[in-house]
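K.L.:
Let me begin by handing over the structure; questions about it come next.
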């Protein structure tokens, strides 16, 4: 396992006349757990910034994944289900509205 400590430098993202916002983007490890995000910025002759946030990282629960119609790889499966249902309804409709064949009478056979 890699070291859980990553030292990333904050870069200025936006700036105004009175303030500057610093940010950094990174990818969390694919691992469950509780992670601490800590900023320890020591500025000479000014107030130090020491901020710590604790977050829980977990995978999506079963009901939190995007629905299948959002995932483009599921479209063939969804269309297959739709075609199967439409075909079954068409088969039942034709079966119900078709007239049964008339029985051959004994007189016509002789």
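K.L.:
So which of 80, 73 ends up being at pLDDT below 90 and either part of a helix (DSSP H, G or I) or closer than 30 Å to residue 10 by Cα (or both)?
P.N.:
Working: 80 fails: at pLDDT below 90.
Testing whether each residue is at pLDDT below 90 and either part of a helix (DSSP H, G or I) or closer than 30 Å to residue 10 by Cα (or both) leaves just 73.
K.L.:
Sticking with this one: Has the range 47-54 got at least one residue that is surrounded by 10 or more Cβ atoms within 10 Å (Cβ to Cβ) and within 34 Å of the chain's Cα centre (by Cα)?
P.N.:
No, the range 47-54 contains no residue that is surrounded by 10 or more Cβ atoms within 10 Å (Cβ to Cβ) and within 34 Å of the chain's Cα centre (by Cα).
The values are calculated or read from the model by the stated rules, or taken from the named source; none is laboratory data. Not measured: the values here are computed from a predicted model. Cβ: placed from backbone, ideal geometry, glycine included. Neighbour counts: every protein chain shown.
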